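Any read-out appearing in this document is the output of simple, stated calculations on the displayed coordinates, not a laboratory observation. What you see is a predicted model, and the numbers here were worked out from it, not measured in a lab. Quick reminder, even Gly has a Cβ in these numbers, built from the backbone with ideal geometry, and neighbours come from all protein chains shown.
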Amino acid sequence: MKKISVLIPCYNEVENVIPLSKAIIDEFAAHLVCYDYEIVFIDNFSTDGTRDKLRQLCEQNKKVKAIFNAKNFGQANSPFYGMCQTTGDCTIGMCADFQDPVEMIPQFVKEWEKGFKIVIGIKVNSKENPFVYALRSCYYKAIKKMASVEQIEHFTGFGLYDKSFIDVMRELDDPLPYFRGIVAELGPERKEIPYVQPKRRNGKTHNNLYTLYDFAMLGFTSYTKIGLRIATIAGFLFSAMTMMIALLYLIAKLIWWDAFPFGMAPLLIGIFFIGSVQIFFIGLLGEYILNINARILHRPLVVEEKRLNFDENTQEKYNV
């Protein structure tokens with residue numbers, strides 16, 4: 001009997017983990033009775049009682065497993081690490097807030113059985129904030145055009161991944177993984193299934209402007225070179241333009257001397273404008289350096305505090 005793993009990263013989802021677990025179990029009982037399953041929650045240091053709910057679930061059902069992180073290791077590291085700890089013939093990754101429809105699981109499995117090693121959900125619309133959705137759309141289109149490798153628009157990570165791809169993930173040894181880019185870059189032929197993303201069922205989103213920016217910059221600095229190329233080209237052009245303006249200004253002063261009508265205003269405007277451009281590109285360069293620094297330090301993806309319902313040898317076997 002084939003085994004399907006469902007990986008659910010969570011952070012302060014006390015209202016969702018129990019109903020989501022029940023919905024997944026009901027889906028397997030109704031449509032996937034020929035498969036064994038495991039539901040793996042990886043908790044990113046919740047403080048709202050989520051861990052108590054997970055302990056309760058694990059006590060009631062040995063097929064429900066939990067990993068408790070010692071700290072909050074971010075929305076990129078924790079899900080990636082959790083997927084590497086699964087033991088099924090395939091792994092389905094989904095969020096804990098019901099924005100990834102549980103009823104799509106049988107569709108994923110059906111396409112997987114046809115031979116697709118990766119089956120992913122692609123948002124064609126969303127019931128979330130229209131402004132946020134539009135902002136995401138702009139980001140996806142921009143990074144798709146700028147990236148040096150293929151990028152997938154409106155792909156959040158929701159999907160099914162064959163064990164062979166999970167093994168590839170375990171061998172990556174990347175301390176700062178951008179999962180969406182990894183799927184596009186290293187994944188085999190995939191099947192894309194469109195869906196409309198529903199609203200979060202309970203609780204409030206933990207994403208804010210800073211976390212969205214942080215995640216966006218991870219993708220930008222991991223898969224694009226255009227920022228540095230633009231900085232180089234702009235630096236060259238502005239240097240040439242500055243030298244030209246300085247030369248013209250000198251010639252004008254020599255010809256008109258004190259009668260030169262423009263005074264210091266153009267020079268000051270030019271200095272402030274070019275200075276602001278330089279500061280912008282220094283900040284952009286800093287983002288790349290932060291990315292490089294995190295990879296050179298090579299800290300572990302996650303430090304575990306505890307795991308429930310796992311075999312004793314699982315942690316050692318799937319250490320990443």
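Would you order Ile143, Ile296 from fewest to most other beta-carbon atoms within 10 Å of each residue's own beta-carbon?
Lowest count first: Ile296, Ile143.
How many nm is it between the label spots at Leu254 and Leu172, if each spot is 7 Å from the Cα in line with the beta carbon?
6.0
How would you classify segment 55-114 from its alpha-carbon gyration tensor, with a ≥ b ≥ c the square roots of the eigenvalues: rounded for a/c under 1.5, else prolate if a/b is greater than b/c, otherwise oblate?
It comes out prolate by the Cα gyration axes.
Give, in nm to one decimal, the length gained when the segment between Lys114 and Phe280 is fully stretched (0.36 nm per residue of separation minus the Cα-Cα distance).
That works out to 54.8 nm of additional length.
Once phi is turned into ³J(HN,Hα) by the Karplus curve 6.51 cos²θ - 1.76 cosθ + 1.60 with θ = phi - 60°, what whole-Hz value does each residue of segment 65-82 show in order, with x for glycine and proline?
Computed from phi, the couplings for segment 65-82 are 10, 9, 10, 9, 6, 6, 8, 7, 9, x, 7, 9, 5, 4, x, 4, 4, x Hz.
With a 10 Å Cβ neighbour count serving as the proxy for reagent exposure, in which order, fewest first, do Phe41, Phe280, Phe108 appear?
By the 10 Å Cβ count, ascending, the order reads Phe280, Phe108, Phe41.
Suppose the chain between Arg55 and Ser137 were pulled fully straight at 0.36 nm per residue; how much longer would it get relative to their current alpha carbon spacing?
So the extension gain works out to 25.7 nm.
Using label points projected 7 Å from each Cα along Cα→Cβ, tell me how many nm separate Glu185 and Ala23, to one decimal.
3.3
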